[in-house]
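The values are calculated or read from the model by the stated rules, or taken from the named source; none is laboratory data. What you see is a predicted model, and the numbers here were worked out from it, not measured in a lab. No Cβ is skipped: glycine too gets one built from the backbone with ideal geometry, and neighbour counts run over all protein chains shown. Just the protein is used for accessible areas: all its heavy atoms, side chains included, with ligands, DNA and RNA removed. Shrake-Rupley method; radii C 1.70, N 1.55, O 1.52, S 1.80 Å.
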Amino acid sequence: MPVNFSDEIIIANFFREYLRCHEWEICQLVCSGGQAHMSISYTVYDRRKTVFPDVIAIKNNTILIGEIKGRFNESDKLKLLEIYVSSLAQDRLKKNISLRFNLIAEELEIKYALIHGQLDSMADPFVYQYKFNGLSFEICLPDSGVR
């Protein structure tokens, strides 16, 4: 899929429908230029950071946190990795979601994902990839292949 601003909007709109059809509760879903309202503030490598994830959704006790781009984006992957290595970031995300949905923070798990339209991107050992093929999403699991 060629990359441009409207591709991200198309992917975001299809991903919104995908989440709804698969019974995810959407807390936040924005793409470039959108106004995200949920943020995560934390310290990583002795630097204070605040990020506004494109996607935050919950299903059962799983939080999906992700970034939407037209193609696989290494800097978005690194943003997710920074959240993963920061126990403060994880704790704050879990606390926010647990308070909003009356869940127990310690029972929540976080799933990190890149949502994009680059079908030929390689599987990654860290992130789930939801690859948009123009009609639906192919899910590429960490360290494995397409499901």
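Tabulated results
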quantity: Selected residue [part of a loop (DSSP other than H, G, I, E, B) and of a type outside the set (Ser, Thr, Tyr)] from Ala12, Ala57, Ala36; calculated: Ala36
quantity: Residues of the range 23-32 that turn out to be open to solvent by 80 Å² or more (accessible area, probe 1.4 Å) and either part of a loop (DSSP other than H, G, I, E, B) or β-branched (Val, Ile, Thr) (or both), as a count; calculated: 1
quantity: Some residue of the range 7-21 being surrounded by fewer than 18 Cβ atoms within 10 Å (Cβ to Cβ), touching a residue at least 12 places away in the same chain (Cβ under 8 Å) and among the polar types (S, T, N, Q); calculated: no
quantity: Residue within the range 71-84 that is farther than 27 Å from Ser6 by Cα and assigned to a loop (DSSP other than H, G, I, E, B) present; calculated: no
quantity: Within the range 93-109, considering residues that are surrounded by 17 or more Cβ atoms within 10 Å (Cβ to Cβ) and in a helix (DSSP H, G or I), the one nearest to the chain's Cα centre (by Cα); calculated: Leu93
quantity: The lone exception for Glu74 - which of (1) open to solvent by less than 60 Å² (accessible area, probe 1.4 Å); (2) over 21 Å from Tyr18 (Cβ atoms) it fails; calculated: (1)
quantity: Residue match in the range 114-130 (condition: in contact with a His (Cβ under 8 Å, 6 or more places away or on another chain), of a type outside the set (D, E, K, R), at pLDDT 95 or above and under 19 Å from Ile9 (Cα atoms)); calculated: yes
quantity: Within the range 53-71, tally of residues that are buried (at least 21 other Cβ atoms within 10 Å of the Cβ), free of Cβ contacts under 8 Å to residues at least 60 places away in the same chain and not aliphatic (A, V, I, L, M); calculated: 2
quantity: Failed condition for Ser86, given (1) buried (at least 18 other Cβ atoms within 10 Å of the Cβ); (2) within 24 Å of Tyr18 (Cα to Cα); calculated: (2)
quantity: Filter result (at pLDDT 85 or above and surrounded by 14 or more Cβ atoms within 10 Å (Cβ to Cβ)) within the range 40-51; calculated: Ile40, Tyr42, Lys49, Val51
